[in-house]
1. For Lys193 and Gln254, what is the calculated FRET efficiency with R₀ set at 30 Å and r taken between the beta-carbons, to the nearest 0.05?
2. Once you have a ≥ b ≥ c as the square roots of the Cα gyration tensor eigenvalues for segment 185-271, tell me rounded if a/c is under 1.5, and otherwise prolate or oblate according to whether a/b is larger than b/c.
3. So, with a 1.4 angstrom probe, what is the percent of accessible area on segment 330-440 that is carbon and sulfur?
4. Rounded to the nearest 0.05, what FRET efficiency is calculated for Leu228 and Glu368 with R0 set to 51 Å and r the Cβ-Cβ distance?
5. Find how much the distance from Ser388 to Met282 grows on full extension, using 0.36 nm per residue of separation minus their present alpha carbon separation; answer in nm with one decimal.
6. If you put +1 on each Lys and Arg Cβ and -1 on each Asp and Glu Cβ, how big is the dipole of segment 122-269 around its Cα centre, in Debye rounded to 20?
7. What ranking of Leu227, Leu400 comes out by heavy-atom accessible area, probe 1.4 Å, highest first?
8. For the modelled label position 7 Å from the Cα of Glu424 along Cα-to-Cβ, which residues of segment 339-367 have backbone nitrogen atoms closer than 16 Å?
Amino acid sequence: MKKFFQEIKADIKFKSAGPGQKLTESVGERAPKEKPNQPALRQPRQGPTDEAQMAAAAALARLEQKQPRARGPTSQESIRNQVRKELRAEATVSASTEAPGTNTVPEAKEEGSAHLAVPSVCFTCPLTGATLRKDQRDAHIKEAILSHFSTDPVAASIMKIHTFNRDRDRVKLGVDTIAKYLDNICLHPEEEKYRKIKLQNRVFQERINCLEGTHEFFEAIGFQKALLPVPDQEGPEEFYVLSEAALAQPQSLQRHREQLLVAEPVRATLARQRRVFRPSPMASQFDLPGDFFNLTAEEIKREQKLRSEAVERLSVLRTKAMREREEQREMRKYTYTLLRVRLPDGCLLQGTFYARERVAALYAFVREALQSDWLPFDLLASGGQRLSEDESLAFNECGLVPSALLTFSWDAAVLADIRAAGAEPDSSILKPELLAAIEKLS
């Protein structure tokens, strides 16, 4: 038995000694021979043609539709830990904010970068038509309203009342009170007491005097300030008194009253910033400016509250519908979204939208760019999901935030008619002026 174990140990040592060699071989012969490096002659590659770029873009779109959605952590404990980490991080960010403003996600690109999909979120002033950045819109609109006093003081004062005062409930109460004053004058033109408004009256002070633009409105429709004696009082008091010329035109007073009641605040509208790009394999890549990710201090506090509630809900079993609703609510933290539509010829139509806008807004945007805007078509999201124009879903409820690539598809009947006419279904469908301004996506 002892000899048996000695033979096994010897065999193990022999095998661990490495590969053997012949006694006749020298050290130099055992060295592996290296192959001489021969430079490979490579011909320079030519750039892809337009047809190759279109084929690559279509292949990428098919791959994107087949890619499964990544799943997050499944265990409740890991989800709780992740939520707690995000809450602590957001609390640190909000605590370090000295003044109300915006907090930018670090991954967002800075404005001015040459590779941004859109320079910034811009707005259009409805009074002047000027294109404004987010930090310019309020000051520009106020300046435009003030300059409007020289041409139409009544309209300018109405815009000032509804725009300069942010408390909508207080504005409604003040406007209704002014309308009541004018109603009394029109219903009782012979009553002198209705043509006078005491400025120190408690109702006037609490409901009207506190609003910007109300004094300008009274003066624009024909009221004048005057000091009048008050019974049982030593000194006179200041009143608004309607002039005889304005009293002789009750229709004008009624018209100004209606304008005041139906007016809305003057707000800058979101500029679509429509752009058209050539076919590109980079169609699904979006480099967005910080405006798409900015959250105000109030929005951050709201998100923290929602996440705190999410920690408590994790201990409760949830159905698939409940989880989907929570995912959709998570998408609502975005204010804007950048959408691209791949057209049949491979070109890309791009525009900026509010995340809460409805899908119908995208259909209208695409239809405005088509040569034949009356023909029906469909828009397909990732995975081939059809977005119906009649649905009341918003972009954030469809998961199309903060950016998304969609595909244009002709209606089946239209596609059959195009082929029956011998035309190419993938030919250009955009208006000529848009094709003239086409860009290269970089």
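1. Numbers: r = 20 Å, r/R0 = 0.66.
Efficiency computed from Cβ-Cβ geometry: 0.95.
2. Values: a/c = 2.73, a/b = 1.53, b/c = 1.79.
It comes out oblate by the Cα gyration axes.
3. In segment 330-440, the share of accessible area belonging to carbon and sulfur is 50 percent.
4. Between Leu228 and Glu368 the formula returns 0.30.
5. Numbers: separation 106, 0.36 × 106 = 38.16 nm, distance 2.63 nm.
Additional length available on full extension: 35.5 nm.
6. On the way: 20 positive and 22 negative charges, 133 e Å.
So the dipole magnitude of segment 122-269 works out to roughly 640 debye.
7. Working: Leu227 120, Leu400 10 Å².
Heavy-atom accessible area, descending, gives Leu227, Leu400.
8. Those under the cut-off are 343-348.
The values are calculated or read from the model by the stated rules, or taken from the named source; none is laboratory data. The shown structure was predicted, so the numbers you read here are calculated from the model rather than taken from an experiment. Virtual Cβ from ideal backbone geometry, glycine too; neighbours counted across all protein chains shown. Side chains are part of the model used for accessible areas, which takes the heavy atoms of the whole protein and leaves out ligands, DNA and RNA. Shrake-Rupley method; radii C 1.70, N 1.55, O 1.52, S 1.80 Å.
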